[in-house]
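Each remark here refers to the structure printed beneath this line.
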Amino acid sequence: MPRPDRRPPPLASPAEVEERLRALCPSQTSEMIALAEAAGRVLWEPVRADRDGPPFDRAMLDGIALRVEDWRANGLPVAGSQLAGDPPLELPAGACCEIMTGAVVPAGADCVIGYEVVEIEAGRAKVAHSEIESGAAIHRRGSDFAQGDTLIPARTLLTSRLLAVAASNGCAMIAVTRRPRVGLLATGDEVVPIEQTPAPWQIRRSNAVLLASAARA
């Protein structure tokens, strides 16, 4: 008995196949997800700064904060301390205060001097050199970006670093492109499940595993 004609039909070109697939794909949509789950997803809407960065004049060193015009060769009395996370002190005239890296610069101070060149004895701070400059070691408010600036453009792949940027701007939930639903169909008379021992003329279904893994990534 003759075998039936099993010749494959004419093949479509790669361009024709791509055109057909694109016609079948739905338009992209978005979804809101928790920021902690957003690594590796694609941002749908831009992330914009909800306030200036930094949001206050910030000390860049551990040391003392003072007014340059108040400085005297015999030093200044220490009028308190400014820790990171504390509300700003009002710096008394003719005094300085100890300050921590990242703390808000006290109102009235215009300079921060690092402990490396500062001596504090009997409640009085002295500096080992006389070069005291206004603005020294102060990270000025808004010097990195202003409120409303775009920090992460839309269509950006979200990395761990960018998630930290979004978190610093209050994005507990974030809009990302919805993942496509992908179906895989492995065909061929020669392929068998991977757990099956193939006959000499058969092979295991490995491409489906490869494609599924690539699609998840």
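The values are calculated or read from the model by the stated rules, or taken from the named source; none is laboratory data. This is a predicted model, so every value here is computed, not measured. We place every Cβ from the backbone using ideal geometry, glycine too, and count neighbours over all the protein chains shown. Heads up: the accessible areas ignore ligands, DNA and RNA and are worked out on the full protein's heavy atoms, side chains in. Shrake-Rupley method; radii C 1.70, N 1.55, O 1.52, S 1.80 Å.
Whether any residue in the range 19-35 is within 35 Å of the chain's Cα centre (by Cα), free of Cβ contacts under 8 Å to residues at least 60 places away in the same chain and crowded, with 19+ Cβ neighbours inside 10 Å is what I want to check.
No; the residues of the range 19-35 include none that is within 35 Å of the chain's Cα centre (by Cα), free of Cβ contacts under 8 Å to residues at least 60 places away in the same chain and crowded, with 19+ Cβ neighbours inside 10 Å.
Taking Arg6 and the conditions (1) under 30 Å from Gly148 (Cα atoms); (2) more than 20 Å from the chain's Cα centre (by Cα); (3) free of Cβ contacts under 8 Å to residues at least 24 places away in the same chain, which numbered condition does it fall short on, given that it satisfies the others?
For Arg6, the exception is condition (1).
Report those strands (runs of 3 or more DSSP E) wholly inside the range 70-123 carrying at least 2 residues which are in contact (Cβ under 8 Å) with a residue 40 or more places away in the chain. Don't jump to the end; show me each part of the working.
Numbers: elements: 76-82, 96-99, 111-114, 118-121.
The qualifying strands (runs of 3 or more DSSP E) are 76-82, 111-114, 118-121.
Could you list, in sequence order, all residues of the range 155-171 that are in a loop (DSSP other than H, G, I, E, B), open to solvent by 40 Å² or more (accessible area, probe 1.4 Å) and of a type outside the set (Ser, Thr, Tyr)? I'd like the intermediate steps shown before the answer.
Restricting attention to the range 155-171, the residues satisfying the condition of being in a loop (DSSP other than H, G, I, E, B) are 155-156, 158-159, 169-171.
Pick out the ones that are also open to solvent by 40 Å² or more (accessible area, probe 1.4 Å) and you get 155, 159, 170.
Arg155, Gly170 - these are the residues of the range 155-171 that are in a loop (DSSP other than H, G, I, E, B), open to solvent by 40 Å² or more (accessible area, probe 1.4 Å) and of a type outside the set (Ser, Thr, Tyr).
Could you list, in sequence order, the residues of the range 174-217 that are closer than 30 Å to Ala49 by Cα, of a type in the set (A, V, I, L, M, F, W, C) and surrounded by 12 or more Cβ atoms within 10 Å (Cβ to Cβ)?
Scanning the range 174-217 gives Ile174, Ala175, Val176.
Has the range 73-87 got any residue that is small (Gly, Ala, Ser), under 30 Å from Leu158 (Cβ atoms) and either out of contact with any Pro (no Cβ under 8 Å at 6 or more places or on another chain) or surrounded by fewer than 12 Cβ atoms within 10 Å (Cβ to Cβ) (or both)?
Taking the range 73-87 as the starting set, the residues that turn out to be small (Gly, Ala, Ser) are 73, 75, 79-81, 84-85.
Still in the list and also under 30 Å from Leu158 (Cβ atoms): 84-85.
From the residues that got through so far, the ones that are either out of contact with any Pro (no Cβ under 8 Å at 6 or more places or on another chain) or surrounded by fewer than 12 Cβ atoms within 10 Å (Cβ to Cβ) (or both) too are 84-85.
For the range 73-87, residues small (Gly, Ala, Ser), under 30 Å from Leu158 (Cβ atoms) and either out of contact with any Pro (no Cβ under 8 Å at 6 or more places or on another chain) or surrounded by fewer than 12 Cβ atoms within 10 Å (Cβ to Cβ) (or both): present.
Kindly provide the set of residues from the range 124-152 that are in a strand (DSSP E or B) and open to solvent by less than 40 Å² (accessible area, probe 1.4 Å), ordered by number.
Ala125, Val127, Ile138, Ile152
In the range 1-22, what residues are in a helix (DSSP H, G or I) and either over 29 Å from Leu157 (Cα atoms) or at pLDDT 90 or above (or both)?
Taking the range 1-22 and keeping what is in a helix (DSSP H, G or I), we get 14-22.
Hits for the range 1-22 are Pro14, Ala15, Glu16, Val17, Glu18, Glu19, Arg20.
Are any of the residues in the range 56-64 closer than 19 Å to Asn169 by Cα and crowded, with 19+ Cβ neighbours inside 10 Å?
Kept after step one, since they are closer than 19 Å to Asn169 by Cα, are these residues of the range 56-64: 56-58.
Now drop any that are not crowded, with 19+ Cβ neighbours inside 10 Å, which leaves 57-58.
Yes; the residues of the range 56-64 include at least one that is closer than 19 Å to Asn169 by Cα and crowded, with 19+ Cβ neighbours inside 10 Å.
Would you check if Leu210 is in contact with a helix residue (DSSP H, G or I) (Cβ under 9 Å, 6 or more places away or on another chain) and over 30 Å from Gly108 (Cβ atoms)?
Considered against the rule, which asks whether it is in contact with a helix residue (DSSP H, G or I) (Cβ under 9 Å, 6 or more places away or on another chain) and over 30 Å from Gly108 (Cβ atoms), Leu210 comes out as no.
Would you pick out the residues in the range 92-107 that are at pLDDT below 95 and touching a Pro at 6+ places or on another chain (Cβ under 8 Å)? Walk me through it before giving the result.
Residues of the range 92-107 that are at pLDDT below 95, as a first pass: 92-94, 107.
Selection gives Gly94, Ala107.
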